[in-house]
Amino acid sequence: MSKDYKAQDIQVLEGLDAVRLRPGMYIGSTGVKGLHHVLWEIVDNSMDEVSNGFGDTITVTVHSDGSASVEDNGRGIPVDIHPTMGISGVEVVFTKLHAGGKFDNGNYQYSGGLHGVGASVTNALSTWTTVEVYKNKKVYRAEFESRVGEDGKVHGGCIKTHLTETGEKTDKHGTYVRFMPDKLIFDTVNFNLDTISKKLKELAFLNDGVHIILIDERVTVNDIPLKREYCYNGGISDFVRYINETKNPLFPDPIYLDGERDKVYMKLALQYTDTYNESIFSYVNNIPTPEGGMHETGFKAALTKVLNDFARKTGVLKEKDENLLGDDFRVGLTAVLSIKMQNVQFEGQTKTKLGNPFVRPAMENLVAEKLGEYLSSHADTLDIILKKAMSAMREREAARKGKEQARLKNQADNFNLVGKLASCSGKKPERNELYIVEGDSAGGTCKQARDRSFQAILPLRGKPLNAEKKRIDQVLQNEEIRTIISALGAGIGEDFNLDNLNYHKVVILSDADQDGGHIRAILMTFFFRYMKQLITDGHLYIGMPPLYKVAKKDKVEYVYNDDLLDAAKDRMGRGYTVQRYKGLGEMNAEQLWETTLDPARRTLMRVTLEDVAEAEQLVTVWMGDSVDLRKQYIIENANFNKIDEFAKTER
Ligand code: TSJ
């Protein structure tokens, strides 16, 4: 890291008007994601500084006026004047596009932010931005704002106050940036606490030792704002431990490897559990790459090669045996791979796949070397991994042999299975609805209550198995699950075909109690794992039976939510009765129709996965063996969008 940074190092490319003209080009979208991107741009700049060893703390604050600020205790953005442009380094950073410091003298190696566009983009899309630099015992301040120009158009990031010394003395050093996202640009300017928490926690895992503090002034208890702190000295090994918290690891400490090859800096932590899933979370410059790419490919190739070599060397594989497949070595694997490099090329549908080809051999080579060293001196761990892979291989073989028979047998079985299903008479899948109902008795009532022209009822006896824990062939053996698959008619996994879906609304209907929540969670996990498109295309719903019936003489009101009970009582006046429904089974057919099945009156929640990759991470991270955690996850985080049922279109 060169010490003689000068403002002239900052390249100047374009003005800010381009950003307001086409914000999507710079931040992906102007939705809630784009809103957070402009915050990550700022956070990333601080993280660059701190992870290069300058300072150790980053504080992110969401203020009660809706603005956000980021402060670090690094060296402070350069304040000296750019020799040819005649403006301070701070002003260059905030008013010139691409001036985040992506220059060639080696300063600021991994800068860039999510789209590598820098702080000027955030400034351009804000109504105001304030910057303070603490340096040389002094405080420097600059202010920017959006303004209506002579052309009648709004120009973002105009200088309101040039960078000046305020005259205050300080012992602090670092940078403070506060900005107000512009309502004219963003569909929403409401920062989401969960989104920010998750991201900062992830950053804390990826950058070990960095203290990240989150303050949300909009959320207070006794006037004290919410504060969360993240710091993991164990880095990505802690991340792997955290992901595996609800699972059973096969050895106590994750394997940790790091190193450099061809200027690619790599950290890798991995651990096996007794599950059957492969969970690899990869990052480039702190940016998640859910679509994978060259770094992941190189890592996987090395894992397969090294482990096959050890399997031969140790005699686990005999001369006549074939090599194990890569998949065999990734059954039950949890891994976090984080690399840092320059000139990143992102590819793929969502631009989250690393494209630089040279990274693949570099990572394959580096991981092979480091993993080889590690396993040479950890014979116990090696033994555990090879045993796990061998049993994966045997199960793979067994599944292959069993598949043919199963296919023939299925034909006969399906007949019995769908016997439980009370199908509907209508033949239009677009109109048809399948209610998956918890319990035989509630199922029976639903059958009486429904409109059989388009509503089918499938009662579930007992709890279907936990889809997260089992392999696909085991999932398929579960009777409840097979009933669902054959009723929907669209297949499963890679064979899933939405065109064959028999019901365009699939509604999970379970009690509002803990067991009901569990069943809902299991079914959602199953659909997520094996019929993801059902969710992404918006076909999966949660039915909402009422929690209370408030009645007085002939007046009846159903209440679906604890918070609304008091209001309902108020509307009734004195002398009402309240009945609490403990389960679906307590309602008669008429009540069930009125409250839960009738499209004109019911409420359904559509289960959406706005970001399937993120949801996959959530499910993997949160849905392990622990029932409580899983339940909590579903209640707190499942992305339920309350929608107004199609009362108008259908009836
Ligand atoms: F990007 C930004 F302007 F929005 C921003 C930058 C926001 C925040 C909250 C912090 C930062 C930032 C930048 N923190 N620390 C730095 N460091 C530098 O810009 C810096 C300081 C010194 C030197 C040097 O060579 O002396 C070089 C750089 C790039």
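The values are calculated or read from the model by the stated rules, or taken from the named source; none is laboratory data. Given the structure is predicted, the values throughout are model-derived calculations rather than measurements. Cβ sites come from the backbone with ideal geometry, for glycine too, and all protein chains shown count toward neighbours. Keep in mind that these areas ignore ligands, DNA and RNA; they rest on the heavy atoms of the full protein, side chains included. Shrake-Rupley method; radii C 1.70, N 1.55, O 1.52, S 1.80 Å.
Using the Cα gyration tensor of the range 154-196, with a ≥ b ≥ c the square roots of its eigenvalues, what is the shape: rounded (a/c below 1.5), prolate (a/b larger than b/c) or oblate (neither)? Judged from the Cα gyration tensor, the range 154-196 comes out oblate (a/c at least 1.5, b/c at or above a/b). Where a ≥ b ≥ c are the square roots of the eigenvalues of the C-alpha gyration tensor, would you call the range 29-97 rounded, which needs a/c under 1.5, or, failing that, prolate if a/b is larger than b/c, or oblate? Oblate, since a/c reaches 1.5 and b/c is not below a/b.
Counting other Cβ atoms within 10 Å, keep those with at most 15, restrict to DSSP loop, and tell me which GluC sites (Glu not before Pro) in the range 116-193 are left. Let's see the in-between values first.
On the way: sites: Glu132, Glu143, Glu145, Glu150, Glu165, Glu168; in loops: Glu150.
Taking the range 116-193 and a limit of 15 other Cβ atoms within 10 Å, the loop GluC sites (Glu not before Pro) found are Glu150.
Here the range 200-314 has 48 percent of its accessible surface on carbon and sulfur atoms, given a 1.4 Å probe and all protein chains in place. Averaging the Cα positions of each part gives two centres, and for the range 558-608 and the range 354-406 these lie 53 Å apart. Loop-located trypsin sites (Lys or Arg not before Pro) in the range 470-563 (DSSP state other than H, G, I, E, B) with a sparse environment of at most 11 neighbouring Cβ atoms within 10 Å: Lys553. Among the GluC sites (Glu not before Pro) found in the range 171-272, not one is both in a DSSP coil and sparsely packed, with 16 or fewer other Cβ atoms within 10 Å of its Cβ. Rolling a 1.4 Å probe across the protein heavy atoms gives the range 242-284 an accessible surface of 38 Å² per residue.
Over 29 Å apart at the Cα level, from the set Lys552/Lys582; Lys267/Lys532; Lys447/Lys555; Lys401/Lys447, are Lys267/Lys532; Lys401/Lys447.
Taken over the range 295-373, lysine pairs spaced eight or more positions apart, or on distinct chains, with alpha carbons under 27 Å apart number 19. Using a 1.4 Å probe on the protein chains only, how many percent of the accessible area of the range 517-556 belongs to carbon and sulfur? Carbon with sulfur: 48 percent of the solvent-accessible area. Accessible area per residue for the range 130-230 is 54 Å², calculated with a 1.4 Å probe on protein heavy atoms, without ligands, DNA or RNA. Accessible surface for the range 318-363, divided over its residues, is 53 Å² per residue with a 1.4 Å probe.
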